[in-house]
Amino acid sequence: MSNEVLLGAYVFMLAIWVGNEVISKVPSTLHTPLMSGANAIHGIIIVGALLVATALPGPLGTLLGFLAVVLGTINVVGGFVVTDRMLQMFKARPRPAKPAEKK
């Protein structure tokens, strides 16, 4: 086994451990808003997909780039939709008007 594979495996296991430690410390009430925000931030995937689509010549590169752009767009839009639904839950509901008092 080469050193590059061992280094990659070490970084992968370290990323799993760090991700588990960070996510386990987030209170459950904040988990969904953080995840929806993280999905929205993944717009960088679209930029990477566009770069891949232009870097790979031929129809395979175009197809992979197109699929990556479509899936990245679904992820970003889904993140915004979930965030919007979460924010709707925290809006104050209008209170019914009080009946006028008689003098």
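Bear in mind that the values in this text are calculations on the coordinates, not laboratory data. What you see is a predicted model; the values in this text were computed from it and never measured. No Cβ is skipped: glycine too gets one built from the backbone with ideal geometry, and neighbour counts run over all protein chains shown.
Restricting attention to the stretch 47-91, the residues that are under 20 Å from Thr32 (Cα atoms) and either among the polar types (S, T, N, Q) or over 21 Å from the mean Cα position of the chain (by Cα) (or both) add up to 5. Meeting the requirement of 3 or more residues that are in contact with a Pro (Cβ under 6 Å, 6 or more places away or on another chain) and free of Cβ contacts under 8 Å to residues at least 60 places away in the same chain, no helices (runs of 4 or more DSSP H) wholly within the chain can be named. Of all residues in the stretch 9-40, count the ones that are surrounded by 11 or more Cβ atoms within 10 Å (Cβ to Cβ) and among the β-branched types (Val, Ile, Thr). Of the residues in the stretch 9-40, 3 are surrounded by 11 or more Cβ atoms within 10 Å (Cβ to Cβ) and among the β-branched types (Val, Ile, Thr).
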